[in-house]
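Beneath this line is the structure, given in structure tokens, with notes to follow.
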Amino acid sequence: MEKLHIIFTARMVREKGTLVLADAAELLRDDYHDKIDFWLCGRLSTTPNSLTEIELRSRCDGSYIQWLGFRTDIIDLLRRASIVAFPSWYREGVPRSLIEACAIGRPIVTTDSIGCRDTVVDGFNGYLVPVRDSVALADKLRILIDNPDMRRQMGANSRIIAERDFSIETVVNKHLEIYRRLVS
């Protein structure tokens, strides 16, 4: 059986949940170390809450948990990945990485936080977990790891959400509606 890949794409900032994901991976290590791996994709940042390269490398063993650094081939990595994990509480808009996960048809485990929750219907195309809860994250990842049919169905459902909520036409119309309300 080929290994499953769980991917996280973001700048390596604490609030993006990088260490929460690493903690969840450690909770799963004994059962899955030879069946899955975690790909952390993204560059270091210069913001105050950024992880240092030393911190990041101390959590990544290069095999089970891999820091891949900045990548220009995210679409290819998403195609090879089985699950997208994004335990962020960064308080941003809708994260582009989760829109891309929906568009490519991957199940998502993310936080019930601003922006992130707008990409997942809990139990339909993935799961929402509490912020900073590596145990809940590990539990939901375990469900998806153990259920290939569920992964496939949730991935297909992510694509439905992408087409419904994140098409260029939908996004433009939502923006125009906001502008109309602001003008009136």
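The values are calculated or read from the model by the stated rules, or taken from the named source; none is laboratory data. Since the model is a prediction, treat every value here as computed from it, not as a measurement. Neighbour counts are summed over all protein chains in view; Cβ atoms, including those assigned to glycine, are modelled from backbone coordinates with ideal geometry. For the accessible areas, the whole protein counts, side chains as well, though only heavy atoms, and no ligand, DNA or RNA atoms are used. Shrake-Rupley method; radii C 1.70, N 1.55, O 1.52, S 1.80 Å.
Looking at region 35-51, which of the residues that are among the hydroxyl-bearing types (Ser, Thr, Tyr) and outside any strand (DSSP E or B) is most open to solvent (accessible area, probe 1.4 Å)?
Thr46
Answer yes or no: is there a residue in region 121-136 that is part of a helix (DSSP H, G or I), in contact with a helix residue (DSSP H, G or I) (Cβ under 6 Å, 6 or more places away or on another chain) and open to solvent by less than 10 Å² (accessible area, probe 1.4 Å).
no
Please verify whether Ala81 is farther than 16 Å from Gly17 by Cβ, in contact with a helix residue (DSSP H, G or I) (Cβ under 9 Å, 6 or more places away or on another chain) and open to solvent by 10 Å² or more (accessible area, probe 1.4 Å), treating the condition exactly as stated.
Criteria not met by Ala81.
Does Glu15 fit the bill of being modelled with pLDDT under 95, open to solvent by less than 60 Å² (accessible area, probe 1.4 Å) and acidic (Asp, Glu)?
Spelling it out, it is not the case that Glu15 is modelled with pLDDT under 95, open to solvent by less than 60 Å² (accessible area, probe 1.4 Å) and acidic (Asp, Glu).
Working only within region 74-113, note down all residues that are modelled with pLDDT under 95 and among the charged types (D, E, K, R).
Arg91, Glu92, Arg96
Would it be correct to say that Leu98 is under 14 Å from Lys16 (Cβ atoms), part of a helix (DSSP H, G or I) and in contact with a helix residue (DSSP H, G or I) (Cβ under 7 Å, 6 or more places away or on another chain)?
For Leu98, the condition - under 14 Å from Lys16 (Cβ atoms), part of a helix (DSSP H, G or I) and in contact with a helix residue (DSSP H, G or I) (Cβ under 7 Å, 6 or more places away or on another chain) - is met.
Any residue in region 156-180 that's outside any helix (DSSP H, G or I): show its pairings with residues that are surrounded by 13 or more Cβ atoms within 10 Å (Cβ to Cβ) at Cβ separation under 9 Å, as long as the two are six or more apart or on different chains.
Close Cβ pairs (under 9 Å, with a partner that is surrounded by 13 or more Cβ atoms within 10 Å (Cβ to Cβ)) amount to Phe166/Val94; Phe166/Ile99; Phe166/Cys102; Phe166/Ala103; Phe166/Thr119.
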